[in-house]
Every structure is written in C-alpha cells, then in structure tokens.
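Q: The structure under discussion is supplied below as structure tokens; questions concerning it will follow.
The values are calculated or read from the model by the stated rules, or taken from the named source; none is laboratory data. Keep in mind it's a predicted model, so treat the numbers as computed, not measured. We place every Cβ from the backbone using ideal geometry, glycine too, and count neighbours over all the protein chains shown.
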Amino acid sequence: MRIEPVFLFDLDGTLVDSVYQHVLAWKHALDAEGIELSVWRIHRKIGMSGGLFTNQLLREIGVEISEERIDRLRRAHAASYQQQAGQIRPLPGARELLQWLSGAKIPWAIATSGRMETAAVNLASLGVDPATTPVVTRDQVKYAKPDPDLFLAAAARLNAPIETAVVVGDSVWDMMAAVRCRALGVGLLSGGYGPDELRQSGAFRVYDDPADMLRRIDEVGGRR
C-alpha cells in the first residue's frame, strides 16, 4: 500500500520573500526600546515565535526584559512589518508549487510562527485565503518552532498522520521541529540559511527555492 504524502509549508522565507522585512521590522522595534542589537543576530532567530525570539536575543546580550516590554516589542514589530506590505512578494515558483500540488490532489497546509496580524500580509501576496486553505499561525498553538506544535496542528487539519508529512521550511528551526514530530524535512535556501546548516538540523533534501523544489518534486514524493 502506497502512503500518500501531505506537504506542510512554513511561510516567511519559504513561500514568501519576507525574511529581511521581518529583520528590519524587529530592528525598528528594538531601536525604539533603546536596545542595540546587530542585524545579523536578528536574522539568525527569524522563524521562532516572537516571544522565544526576544528571550533568546536579549539573553545573548544580557538584557532583562518584562512581559510588558516583550508585548510592546511584538506589537511594534507587527506595525513596522505591516508598513512594508507593499514590498512583500511570493518567492519564485511558490504559487506554481501550491497550484501543482492542488492539481495533483496532494493535500497541503501552511504552518507559520507568525501571528495572523503579520501572516495576513504574506497570505494576501500569495493569493491564499485562510478561510478556504488550512493555515495554522502562532495564535492557534501553545508553542511555536522549534517545538513541533504548528506542524502537528497543520497535519491534524489535513486529517493526516504526521509521519506522512513533508515539512518544507527555510530555517534550522523548521527542520528541528520536523525532526521532533517525525516528519521529513525539506530545506529551502531562500531564507538565508546555508545547505549544511539545514542538513545538520534534519533536512533530507535542500533546494534553492519553491521553483527548484517543483522541478524536482518527484524526489520528495510528489506524483500525480
């Protein structure tokens, strides 16, 4: 009996070219709080939940932070990101990949560490309607990546065992979450992480971007 796969996609850096807009939005929010932090340090944490993101970054530089300040940072990040909505574009091949999967009757869902307040911008750029497409955001789970909750919830939305899922993401946090929930991880280079980093975190295949993955979709179980 052939086991049919389902595909679970991260959003930022995986389907949408938005990682650096998130970096700049976090930089703006941190600057507003008088917190000096290099841009490269911010980039290395994109893909985590906002709360874990701020905790890790500020622990690195030895800054104590209250829950109130974390919430203020999150809201400032969201507002700054939304101001960049006009710059957000799908990555090459993203729409075509999703359309191909739908045409091949292969179920797929989106699972993002972002809250709907920022994810809505990305979904609009993709032409994805969360009312008709399974989308799981940070608002809907207890923990975000690198915990596996988002991908487990997305598989449940598709009524599929997580062991049949192919998790597609651009960060080490996506790959770590995939390993923890016993899914297969596919890494994309379109978020700025290197191929060795993705493989060391659990990716069994690495592609440049969604277009490259679509060209070799048979390698990850995608067949009509």
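Q: Just to check your reading of the model, which residue among 160, 155, 76 is among the small types (Gly, Ala, Ser) and either under 19 Å from residue 13 (Cβ atoms) or out of contact with any strand residue (DSSP E or B) (no Cβ under 7 Å at 6 or more places or on another chain) (or both)? Walk me through it before giving the result.
A: Details: 160 fails: either under 19 Å from residue 13 (Cβ atoms) or out of contact with any strand residue (DSSP E or B) (no Cβ under 7 Å at 6 or more places or on another chain) (or both); 155 fails: either under 19 Å from residue 13 (Cβ atoms) or out of contact with any strand residue (DSSP E or B) (no Cβ under 7 Å at 6 or more places or on another chain) (or both).
Exactly one residue qualifies, and that residue is 76.
Q: Same structure, new question: Could you check the stretch 133-159 and list, in sequence order, the residues that are of a type in the set (Lys, Arg) and buried (at least 16 other Cβ atoms within 10 Å of the Cβ)?
A: Once the filter is applied, which keeps residues that are of a type in the set (Lys, Arg) and buried (at least 16 other Cβ atoms within 10 Å of the Cβ), the stretch 133-159 yields 138, 145, 157.
Q: Can you tell me which residues in the stretch 138-153 are of a type in the set (D, E, K, R) and either in contact with a Ser or Thr (Cβ under 9 Å, 6 or more places away or on another chain) or not assigned by TED's automatic domain parsing to the domain that holds residue 176 (or both)? Outline the logic, then answer.
A: Applying the first criterion (of a type in the set (D, E, K, R)) to the stretch 138-153 yields 138-139, 142, 145, 147, 149.
Listed by number, the residues that qualify are 138, 145, 147.
Q: Could you please find all residues in the stretch 204-223 being surrounded by fewer than 18 Cβ atoms within 10 Å (Cβ to Cβ) and in a loop (DSSP other than H, G, I, E, B)?
A: Correct list: 208, 216, 221, 223.
Q: Of all residues in the stretch 83-121, which are farther than 25 Å from residue 164 by Cα and part of a helix (DSSP H, G or I)? It would help to see each step written out before you state the result.
A: Narrowing the stretch 83-121 to residues farther than 25 Å from residue 164 by Cα: 83-92, 115-121.
Residues satisfying the conditions are 83, 85, 86, 87, 116, 117, 118, 119, 120, 121.
Q: Quick test of your reading of the structure: residue 62 fulfils all but one of (1) in a helix (DSSP H, G or I); (2) modelled with pLDDT under 80. Name the failing condition by number.
A: (1)
Q: Okay, next question. Considering the stretch 178-203 alone, what residues qualify as being touching a Gly at 6+ places or on another chain (Cβ under 6 Å) and either assigned by TED's automatic domain parsing to the domain that holds residue 41 or in a strand (DSSP E or B) (or both)?
A: Across the stretch 178-203, the qualifying residues are 185, 203.
Q: Going by what's in this entry, would residue 95 be described as outside the structural domain of residue 164 (by TED's automatic domain parsing), surrounded by fewer than 18 Cβ atoms within 10 Å (Cβ to Cβ) and at pLDDT 85 or above?
A: No, not satisfied.
Q: Could you tell me whether the stretch 184-201 includes any residue that is at pLDDT below 95, surrounded by fewer than 19 Cβ atoms within 10 Å (Cβ to Cβ) and among the small types (Gly, Ala, Ser)?
A: yes
Q: If residue 176 satisfies every condition in (1) more than 14 Å from residue 10 (Cβ to Cβ); (2) of a type in the set (A, V, I, L, M, F, W, C); (3) surrounded by fewer than 20 Cβ atoms within 10 Å (Cβ to Cβ) but one, which is the exception?
A: The failed condition is (1).
Q: With the checklist (1) of a type outside the set (A, V, I, L, M); (2) at pLDDT 75 or above; (3) closer than 22 Å to residue 107 by Cβ in hand, flag the one item residue 2 doesn't pass.
A: Against the list (1) of a type outside the set (A, V, I, L, M); (2) at pLDDT 75 or above; (3) closer than 22 Å to residue 107 by Cβ, residue 2 comes up short only on (2).
Q: Further, regarding this structure: Of all residues being acidic (Asp, Glu) and either in contact with a strand residue (DSSP E or B) (Cβ under 7 Å, 6 or more places away or on another chain) or without any contact (Cβ under 8 Å) to a residue 40 or more places away in the chain (or both) in the stretch 13-43, which is surrounded by the most Cβ atoms within 10 Å (Cβ to Cβ)? Just the residue, please.
A: So the residue we want is 17.
Q: Can you tell me which residues in the stretch 98-136 are at pLDDT 90 or above and acidic (Asp, Glu)?
A: Answer for the stretch 98-136, where residues must be at pLDDT 90 or above and acidic (Asp, Glu): just 129.
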